[in-house]
């Protein structure tokens, strides 16, 4: 267990992070009154965020080992354990999740009017499971929390969603479930192909499996993660889910759930099946480029603001997968940073759409044209987040996309050149939206009497805006924590490819 | 059989649980005759079951009556599953029988007698004992299925089950006689030696005999293509008996399958392995796909129970202790989740509605949030979705089947479990995403029902959070098997 730095304090901080929202969720049932329930959920999420912050300060960026580790036996007969730990790849994702959740509660304050208790229950439950995904180091436990995220999300869309919520929720559920069941088969196959049999994720890395076995495992994993990301041909569940979900659901979906897919590539595909990853790299890169262009063009044609941002997500996630699979430090760190950036920026954009929807009850661009006249503070926020989304210099996404493209050019000039139009498309669709919403004319009668942002809404958006500029102007503190883990990961992938396989190849039984 | 041990009174001490149940069954008939109070019967049965359950874990183990009756940890495990199934059924019946105006006292004694039959099946070390137990169980269940005399569906179900059951019993006897003719014994432990010593592994007549035995038990567990009776019988029977049939007799039949195939005919695994693999896939396919088309929840659960037999076969198919313990574990978990789902179905059955149609579940989350939440847990568990106990059960099965090399079968199982998610989710959708058509009345709860639901929930949560002990219990019971 030398990969795991056991937590030396007397409090198991990662477990606490998972249990806090879970316990908070169940305690909701004894709390009377909708208002009090909202405050309770807000309090629990803020407390979780506060508990997670010390992780950053006690994190040791010089090692690639998993820190704050916890290890307990769970099912001894099958050597299944409860192992938690985070490294430079998961640290920022954990922090992003905990920091976003209070904002999700805040943005639902007025938006959710029915079954408040159940809504907050789902929010807290999904927070707990998402944190579990980023912290799990045992495959069985990982699979459990990975699938468990589906259930609260299914309800968030299906109960509090828009007109076509049933279609969207069931499509979301079945599509993603279908993607991940084969992963379970691959996990069990890995277990039996490793000696001694283990479900421990770090122990499965660098085992030098036979190349045909790696390919099968890779495909099973790829399907699960590509659907989650979603990569280009597997993206059709995303717009439906985003459009129908309530604001908080969209934010969680875009900011965290999609990252679980890219996190899966980094944590599992690359280090466990390095040879297969390298083999499939060209195809994945081209799929990413296709996603970037497809997402961009489709976003350009949308008249629904939420759909526009949903398709822009497909494009942005394409950049992230591109960055991961160029397999060099620039690309990978850029992708990792961009995962955080996309979480902040797209989350904020969905919050903005939710704010306008609460007032005008429509997400149509044409019907929301010209609200800038009445809501100057709102459109200021919207403008900054849009600029961030199109990777304007000075904002967070610029750093991320720049690093990804730098990595891309180092890998292949052709592929990087093909991805460049994606950045231009982003500018086109974002500016088109801004132009309509801010300066779209004043003749829209429904807008008279629109109130600008209230304090709660400003409090919701301000932290995200702060992060946009913080990462955009001083990205060092965010990138520094990744170096050791990314370097180790690349060594696992590339070293595995060119060096000598450390173990005799283990063939399929 | 050189060391024939004659019948002695001391052998009876091995039969403690069975004898208790038998006396309870007879006592029930007497009580039914002389006492007016109907509520006495279920609680007497429940108490008898509990005593039997306690005795089960305190009885000596050994082989008695000249290798006829085996009391080992394996049989104890399955007896536990059967007794848990009966306990649930009794708790569910307490209120249900009043609603259905089913006032027969025989109901409980038949239930108890069929349980004694199952226990004999599970402990049978000889094909003849297995057969006798099977018949005792089946005859009681035929009657139970037809107890709703006024309901033509119930009559049809009973007759259909009886005719098909009699036919499959005929096949079983024919198979046993073929095997006896070739080996000269019906003793299971002797059989496995004779198969090797007489070199019968590729003997055609022997394989036909084995095939016939296999068919008879596949009929009992309702594995496709021998499942045809199941949907109609499950739908027509009183709901409490449907729940019972899906759990206890099925577990007993699996126990025999495990004992016969893995203890008796382990050397013939190359022959029956692929057959079981094919049957498992076919069962999952038919069960899950047909369930999609159902409008009645009861019938849907009937098809789902067919599909679950397919999953449970995955462990048998592995042909080793690992697989068998996975199947045992799965059947135990299945008892809780299936009983839970049926408990909700029965809970919703009152004078105004039957609780059997999917439409009865529209808007349930609004009218009865707690009932809907419980149903939700059972349904997700039936899908096998993490983090429920159903996932743990399925996970072990997959591990065992993959270890045995049946990757394609496992992939098929996974695909069908995604398909199954669709129809289970439809119930969830009706409960949570849709509004009630008409104002539904609040449900009335009874002590038995409360006990059943609490028990099911404890089982669900316990096995989801601490899945280790049951698996190791199942695994340990197979040592020296």
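The values are calculated or read from the model by the stated rules, or taken from the named source; none is laboratory data. Computed from a predicted model, the values in this text were never measured in an experiment. Here the Cβ positions follow ideal geometry from the backbone for every residue, glycine too, while neighbour counts run over all protein chains shown.
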Inside segment A:161-177, can you point out the residues that are over 14 Å from residue B:386 (Cα atoms), touching a residue at least 24 places away in the same chain (Cβ under 8 Å) and in a helix (DSSP H, G or I)?
-> A:165, A:167, A:168, A:169, A:171, A:172, A:175
Meets criteria (closer than 27 Å to residue A:388 by Cβ and either surrounded by fewer than 19 Cβ atoms within 10 Å (Cβ to Cβ) or at pLDDT 85 or above (or both)) for residue A:454 | yes
Any idea which of A:404, A:438, A:399 is over 29 Å from residue A:476 (Cα atoms) and crowded, with 20+ Cβ neighbours inside 10 Å?
-> A:438
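Yes or no, residue by residue, for (1) modelled with pLDDT under 90; (2) crowded, with 21+ Cβ neighbours inside 10 Å:
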site	(1), (2)
B:172	no, yes
B:181	no, no
B:188	yes, yes
B:191	yes, yes
B:197	yes, no
B:204	yes, no
For residue B:221, indicate whether it is in contact (Cβ under 8 Å) with a residue 40 or more places away in the chain and surrounded by 21 or more Cβ atoms within 10 Å (Cβ to Cβ).
-> yes
Is it the case that segment A:234-241 has a residue that's over 17 Å from the mean Cα position of the chain (by Cα) and closer than 30 Å to residue A:160 by Cβ?
-> yes
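Among the residues of segment A:197-208, how many are modelled with pLDDT of 85 or more and away from chain B (no Cβ under 11 Å)?
The number of residues fulfilling the criteria is 7.
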Matching helices (runs of 4 or more DSSP H) fully within segment A:53-160 where at least 1 residues are within 14 Å of chain B (Cβ to nearest Cβ) and either in contact with a helix residue (DSSP H, G or I) (Cβ under 8 Å, 6 or more places away or on another chain) or surrounded by fewer than 23 Cβ atoms within 10 Å (Cβ to Cβ) (or both) = A:116-135, A:139-148, A:150-160
Within the group B:445, B:415, B:407, B:419, which residue is touching a residue at least 60 places away in the same chain (Cβ under 8 Å), surrounded by fewer than 20 Cβ atoms within 10 Å (Cβ to Cβ) and facing chain A (nearest Cβ under 10 Å)?
-> B:419
Any idea which of A:188, A:212 is within 26 Å of residue B:410 (Cβ to Cβ) and facing chain B (nearest Cβ under 7 Å)?
-> A:188
Out of all the residues in segment B:143-174, which are more than 20 Å from residue B:112 (Cβ to Cβ) and assigned to a loop (DSSP other than H, G, I, E, B)?
-> B:149, B:150, B:151
Inspect all residues belonging to segment B:358-372 and state whether any of them is part of a helix (DSSP H, G or I), within 20 Å of the chain's Cα centre (by Cα) and more than 12 Å from chain A (Cβ to nearest Cβ).
-> no
When you scan segment B:376-392, how many residues do you find that are within 20 Å of the chain's Cα centre (by Cα) and more than 10 Å from chain A (Cβ to nearest Cβ)?
-> 6
Sort out which residues of segment B:283-292 are surrounded by fewer than 20 Cβ atoms within 10 Å (Cβ to Cβ) and within 18 Å of residue B:428 (Cβ to Cβ), and write them in order of number.
-> B:292
Look at residue B:402 and say whether it is surrounded by fewer than 20 Cβ atoms within 10 Å (Cβ to Cβ), facing chain A (nearest Cβ under 10 Å) and at pLDDT 90 or above.
-> no
Please work out if residue A:346 is part of a helix (DSSP H, G or I) and surrounded by 24 or more Cβ atoms within 10 Å (Cβ to Cβ).
-> yes
Residue that is at pLDDT below 90, out of contact with any strand residue (DSSP E or B) (no Cβ under 6 Å at 6 or more places or on another chain) and within 12 Å of another protein chain (Cβ to nearest Cβ), where the choices are B:433, B:395 | B:433
